[in-house]
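Nothing in this text is a laboratory measurement; each read-out follows from the coordinates by a stated rule. Predicted model only: the values in this text are computed from it and were never measured. Note that we place each Cβ from the backbone using ideal geometry, even for glycine, and neighbour counts take in every protein chain shown.
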Number of protein chains: 2
Amino acid sequence: MTDTRRRRMPRPVREQQIIDAAIRVFAKRGYHAASVDEIAELAGISKPMVYLYLDSKEGLFLACLRREAERLVAALRAAAGPAHPPELRLRAGLLAFFTFVTERRDSWVVLHRQASELSPAIAAELGRTRQAVMTEVSGLVRTGGPEGAAPACPDDEADFVTYTLVGAADSLTDWMTLHPDEPPERITLRLMNMVWVGMRNVLDGEVWTTPAGEP
Amino acid sequence: MTDTRRRRMPRPVREQQIIDAAIRVFAKRGYHAASVDEIAELAGISKPMVYLYLDSKEGLFLACLRREAERLVAALRAAAGPAHPPELRLRAGLLAFFTFVTERRDSWVVLHRQASELSPAIAAELGRTRQAVMTEVSGLVRTGGPEGAAPACPDDEADFVTYTLVGAADSLTDWMTLHPDEPPERITLRLMNMVWVGMRNVLDGEVWTTPAGEP
């Protein structure tokens, strides 16, 4: 299938180079303003070759989305190893996420800020990405109960906790742009402080109620 | 300024009718697929009259955004009356938000799901909306410490808590579409369970740390 006559490097390697360049340009310019010319130049590859490999600007963007989504999900999965007690798994998952956002800022801009209405194909891919992340976090939460107890909580509660955590972490990436020097470890610790006690209490059956004597 | 010769109702009333119709059509069709024809028909007003009042499809969308953003901010502000103790203010703020999303589903679709890259003017308006909501929540959080103690926590901590809460609540509106029968009161109670204890502990200086003996 692959025509290698005039190439010095294998197709997968060159594709990764193109994707690296595309992520930088998309993050910097936004989807609409990004030009395939600039991406080709940054990748050191001719524009026709870029089209040959990745078909179109949309194809390029989808390739970026897919690769970075896979990396993010892999990072979450690696962090959530079953060997740890639940609160350390949660901490490891959050830390993996905030580290990804800190170290791969351009990727996060592409994954997070580029609008979901760009095209139906891109919206669908973003939807799949979000779902994959939700699945990882949900796995973390479902074994997030007292040590040894699995599954820790009903699916319904676990889903609620998952949406809360994903939304909070997502929003905190905006906070991070305002606090670029805050290390991922500290962000993780702060969020653990916000949510872990509440999660533990919910899983232990303790609930917040209106204080006595109040409406 | 206003030409009233051929109209039966005052301009502000008619504008509100157009905006009501536009919100329904934008929520149903999305920005790109929505037609000014359909909006005019639903509002019972001629298309040229719609253009006369609100200039363009973008103008219509901006008018929708502005009106609904004002309503959301007003609901948050009303809920956060200074008379209550902090946890009740937080509960009231969350309840106001989830009630808005439940009762004004179309408005929320327009505010939340319509992409921020539609046009620079729309993106700017969405940014202002998010900022206004952040300001309200931040006000809630800053007096969220032990009763009587105000300001309750350093700005830095309050900002972090604000981004966490706004992101969590935002994400939970997706959870709500999967659980349409869940009343706002119960969603509020669940989120209070997740975050209030953690917030209180943070404000009281209690912090989560890695359990003894763990890495």
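What to note about this one:
- Shown for A:Arg105: label points 7 Å from Cα along the beta-carbon vector, and their distances to the equivalent points in the other copies, 4.1 nm in ascending order.
- Whole-number percent relative contact order across the range A:10-97, with pairs defined as alpha carbons under 8 Å at least 6 apart: 24 percent
- Counting only residues at least eight positions apart within a chain, or on another chain, the lysines with an alpha carbon under 25 Å from that of A:Lys28 are A:Lys47, A:Lys57.
- Charge tally in the Cβ shell below 12 Å around B:Glu125, where Lys, Arg are +1 and Asp, Glu are -1, B:Glu125 excluded: +1
- Cut-off 12 Å between beta-carbons: net charge of the residues surrounding A:Arg142, Lys and Arg +1, Asp and Glu -1: -4
- By the count of neighbouring beta-carbon atoms within 10 Å, fewest first, A:Tyr31, B:Tyr163 end up ordered A:Tyr31, B:Tyr163.
- Highest average packing first - A:125-132, B:100-107, Cβ atoms within 10 Å: B:100-107, A:125-132
- Inter-copy label distances for A:Lys47: 3.7 nm (label point placed 7 Å from Cα along Cα→Cβ; shortest first).
- Within the shell defined by Cβ-Cβ distances under 9 Å, the residues around B:Ala21 carry a net charge of -2, with Lys and Arg each +1 and Asp and Glu each -1.
- Peptides B:187-196, A:53-62 ordered by average Cβ neighbours within 10 Å, highest first: B:187-196, A:53-62
- Inter-copy separations for B:Ala78, label at 7 Å along Cα-Cβ, nm, ascending: 5.1
- For peptide A:169-176, the mean count of partner chain Cβ atoms within 10 Å of a residue's Cβ comes to 5.
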